[in-house]
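Beneath this line is the structure, given in structure tokens, with notes to follow.
Bear in mind these aren't lab numbers, they're just calculated from the coordinates by the rules spelled out. Please read these numbers as outputs of a predicted model, since none were measured by experiment. When we count neighbours, we look across all protein chains shown, and the Cβ atoms used for this are built from the backbone with ideal geometry, even at glycine.
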Amino acid sequence: MAETNGKLRYVPTTCPYCGVGCGLNLVVNDGKLVGVEPLKRSPINEGKLCPKGVSCWEFVQSPDRLTKPLIKKNGKFEEASWDEALGLVASKFREISDKFGPKSLGFQVSCRTPNEECYALQKLARVAFKTNNIDNCARICHGPSVAGLSLSFGSGAATNPFEDLANTDLIFMIGANSIEAHPLAGRRILQAKKAGKTLIVCDPRYTPTARLADHYVRYNPSTNIALINSIMYWIIKEDLHDKEFIAKRTKGFEDMRKVVEKYADVESITGVPTERVKEIARMYASAKNAVIIYCLGITEFTTGTDNVRSLGNLAMLTGNIGRPGVGVNPLRGQNNVQGACDMGAYPNVFSGYQKCEDPAARKRMEELWGVTGLASDYGVTLTEQITQCGDPIKAMYIFALNPVVSYPNSNHVMRSLEKLDFLVVQDLFMTETAQYADVVLPGASFAEKDGTFTSAERRVNRIRKAVQTPGDSKEDWQIFVDLAHKLGLNGFDFNSPEDIWDDMRRVTPSMAGIPYSRMEKPESVHWPCPTLEHPGTPILHREKFSAADGLGTFFGLEYRPPAEVADAEYPFTLMTGRLIFHYHTRTQTGRAKMLHHEVPEGYVQINKEDAARLKIQDGEKIKLRSRRGEAESLARVTDEVGPGVLMMAMHFADASANMLTNDALDPLSKMPELKHCAVAVEKITGVQ
Ligand code: SF4
């Protein structure tokens, strides 16, 4: 598939960063990456890239890549052969599993890894150890989307594609800052606004996205349900709801209506005057086609699943589901958040969301995989696995994740990892988490292997190998195949990622119709796509919802305050967020010169009034304390956050927001409350 132009080769692939899934060519000269070029033919990014996409090749050739397997002996890492390292992993996991049972193991998969690798590792865990203790890091970003949209609509995925924004009349964004976090989705929003569509942005922060809005609504952090219930109250009160859609296509309306009756005036909770709520309600309900877009400002709360279901309620109340220009669309932060869940790297489902508890689904998988005794329980989720380190979890396999920096309450994570008998970390670099490992396995970057990522819009995009892996590092799918052979497993005779994808298609009805040959063009295919003749499904729920009875479900949802609120001892509310120049724990973007140059260190946004009261100047070093730990960072004095609210980016290990964040969980999705905790602030030194 590689194109050539003189000495240069152009290899079409997909950006490894956010869930927009932009197409690009990796430019290769003499076996080395020398740059990227946006794919002009891509219907997703139309020849454009954001700063992260432009720099996405740089970390690949970083001199500090891991190049050999490492085994810790007497507290120090020593280089080892693959045979020795994988032999040790296989024997330790088998020994611990035999002695303590399937619940003694934990498998954690990153959403930045290709579908084929997510599928292979969950198959290995389920087949070799009969455990469902496998989860991916969607748990700490869009777990509530999977849970909430499944409960409301029967499918835990975005309803409409990005390009469909051209068909809308009104965009209702809440808890999403796409101009920074998903810039090429932000470009679509900008295009829609320029074409005369109305843009409403609800956000506690006056973000770069909020600055573009026709109507900006600042509301108090973590009051989403109160605000949405009030919007629905006024839609019903003013008789603007879609009675025909509600009667024909939904159930539970009366339960929901009774609850929202109590939410006429929510100014004391949300800070939004009732007249403003009425205006927003009228605009949303009166638009011919209105779409809802949301992100982590909805999901990363102990009420995350209810927040998502509230948006489902709002869309169904006005009949804005199942046609062009409408829908409910979560923006996925990592490139393969959608795919990692689709592949069954999840504790209660096989690939394609086939439930492990369903005897018929289990029997079918056992027949197709040629095994017996697959586990039926709901396995332990990502963050709960951390809490269970030591008892009952004795051994853990962490694939391309950096929990010490990216999970809430870092001190708790570090103490937990120390309790394990055996830890394997498979990654590109010696991360903060890899330091805790007994065995470190060097994997491959997106540029060094074939495979697929599934974007936020359910479009399955190809990635293609452009260069070789450095040193003795291996393509990750190959590591899993080799490990499966060490464990003596059948059903892992894969010679390529395409073999693994075809094995997945064989057992997954919703993706059976998408072989690699249908992904050659940049437009590719949206799942569900059950047969080779099926065109794919860009828009969900057209005639009926994906639920078994075909109906969408309203839920009566009460507002609940966050798990920890500001008080006299910890008087500020800390929110976390993303910056345009960085990605997660900066393992990759921190190694790209331009991105590092733009934002080399973390900072905390603090409101001008608070800064003046505490005599903190812009650029001054400050210390933040929560009940879980402390972190130092630089103050950025701004009006982007309101009084009493702070915002800290999630990316920086040396000024880590997760030293402070709260690991209290949403009871339904087990999402930690990353977006809301109480902190105290003090200044340290003079201007830097
Ligand atoms: Fe990559 Fe997302 Fe930027 Fe596109 S918008 S170039 S997918 S980081």
Self-check item: Loop-located trypsin sites (Lys or Arg not before Pro) in segment 332-419, at most 16 other Cβ atoms within 10 Å (DSSP)
Solution: 419
Exercise. Indicate the gyration tensor shape class of segment 451-571 (rounded, prolate or oblate), computed on the Cα atoms with a ≥ b ≥ c the square roots of the eigenvalues: a/c under 1.5 is rounded; otherwise a/b larger than b/c is prolate and the rest oblate.
Key: oblate
Quiz item: Rg and Dmax of the chain, Cα atoms, in Å?
Solution: 24.2, 72
Exercise. On each of the three principal axes of the Cα atoms of segment 309-450, give max minus min coordinate, whole Å, ordered largest first.
Key: 53, 37, 35
Quiz item: Seen from all sides and averaged, what is the projected area of the convex hull of the Cα atoms in segment 21-152, in nm²?
Solution: 12.8
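Could you work out the relative contact order of segment 369-432, using alpha carbon pairs under 8 angstrom and six or more residues apart, expressed as a whole percent?
It rounds to 38 percent for segment 369-432.
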Self-check item: Centroid-to-centroid separation of segment 595-654 and segment 68-138 [C-alpha atoms, Å]
Solution: 38
Quiz item: Where does each of 350, 429 land when they are ranked from fewest to most other beta-carbon atoms within 10 angstrom?
Solution: 429, 350
Quiz item: Ranking 296, 441 by Cβ neighbours within 10 Å, fewest first, what do you get?
Solution: 441, 296
Exercise. Could you list 151, 574 in order of exposure, starting from the residue whose Cβ has the fewest other Cβ atoms within 10 Å?
Key: 151, 574
Exercise. Using Cα pairs closer than 8 Å and at least 6 residues apart in sequence, work out the relative contact order for the chain, in percent.
Key: 20
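From the Cα gyration tensor of segment 133-290, with a ≥ b ≥ c the square roots of its eigenvalues, which class applies: rounded if a/c is under 1.5, or else prolate if a/b is larger than b/c, or else oblate?
The shape class here is rounded.
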